[in-house]
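Written below as structure tokens is the structure these notes are about.
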Amino acid sequence: EVELLLNGKSLGRKANSESPKLRNQIRWGEIDYAKGTLEAVAYRDGKAVARHKVETTGDPVKLTAEADRPATVTKKPAADAWTADGMDLLHVRVVAVDGKGRRVLMANQEVSFNVEGNAEIVGVINGDITSDEMTVGNKRSLYNGTCTVILRSTREAGPVTLTATAPGMKPVTVKMETK
């Protein structure tokens, strides 16, 4: 069963269908929009076994960025460090967040990327399979508040600085290093 709560108030509990065609498609009818928190709580044998919560966010105010593996400048390189072999790729996910650090799903501004140092941009993606934007270049629109830039190392080890900017948001700069 799943219970749906809007701002802490239960909208009811519904059981999963036994029909294979409807299984895992628990649905509620029309729910009036309200700012706040919408939470789904899954139950098995009367005991809560999973929770998923979404919150209303504010306007996007800044970008954040995170590499898919260790690449930031550290004293001790990780075993899976970014290799300066001219082929090693690093994916950096950029996310638009509100003043509380929550991802803003409705953010769709164009993000521009600039890289300095021992790497180059080889691709930009955002997960929108209907987009007609190029996957090469240094710009990509946010989709569901996020996009990704793909960097390739050069054959020379050293520092890499990536900056992502978008209109109306504080940019993000990430200092990384190839080994």
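Scan 142, 105 and give me the residue that is closer than 25 Å to residue 56 by Cα and in contact with an Asp or Glu (Cβ under 9 Å, 6 or more places away or on another chain).
One residue alone meets the criteria, 142.
Evaluate the following for residue 48: is it open to solvent by less than 60 Å² (accessible area, probe 1.4 Å), hydrophobic (A, V, I, L, M, F, W, C), in a strand (DSSP E or B) and touching a strand residue (DSSP E or B) at 6+ places or on another chain (Cβ under 6 Å)?
Answer is yes for this residue.
Counting just the residues of region 11-31 that are touching a residue at least 24 places away in the same chain (Cβ under 8 Å) and of a type outside the set (Val, Ile, Thr), which one comes out nearest to residue 42 (Cα to Cα)?
Selected residue: 13.
Let's see how each residue does on (1) open to solvent by 20 Å² or more (accessible area, probe 1.4 Å); (2) touching a residue at least 40 places away in the same chain (Cβ under 8 Å):
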{"residue": "82", "(1), (2)": "no, yes"}
{"residue": "88", "(1), (2)": "yes, yes"}
{"residue": "91", "(1), (2)": "yes, yes"}
{"residue": "96", "(1), (2)": "no, yes"}
{"residue": "112", "(1), (2)": "yes, yes"}
{"residue": "119", "(1), (2)": "no, yes"}
{"residue": "128", "(1), (2)": "yes, no"}
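For region 66-179, which fully contained strands (runs of 3 or more DSSP E) count at least 2 residues that are modelled with pLDDT of 95 or more and of a type in the set (S, T, N, Q)?
Ranges flagged: 110-117, 146-153, 158-165.
Pairs only if they're at least six apart or on different chains, beta carbon under 6 angstrom, first in region 166-179 and within 23 Å of residue 80 (Cβ to Cβ), second open to solvent by less than 50 Å² (accessible area, probe 1.4 Å) and not in a strand (DSSP E or B); list them, first residue then second.
176/71; 178/82; 178/84; 178/118; 179/81
The values are calculated or read from the model by the stated rules, or taken from the named source; none is laboratory data. None of the values given here were measured: they were computed from a predicted structure. So basically every Cβ, Gly included, is an ideal-geometry build from the backbone, and we count neighbours across all protein chains shown. All accessible areas refer to the heavy atoms of the entire protein, side chains included, with ligands and DNA or RNA removed. Shrake-Rupley method; radii C 1.70, N 1.55, O 1.52, S 1.80 Å.
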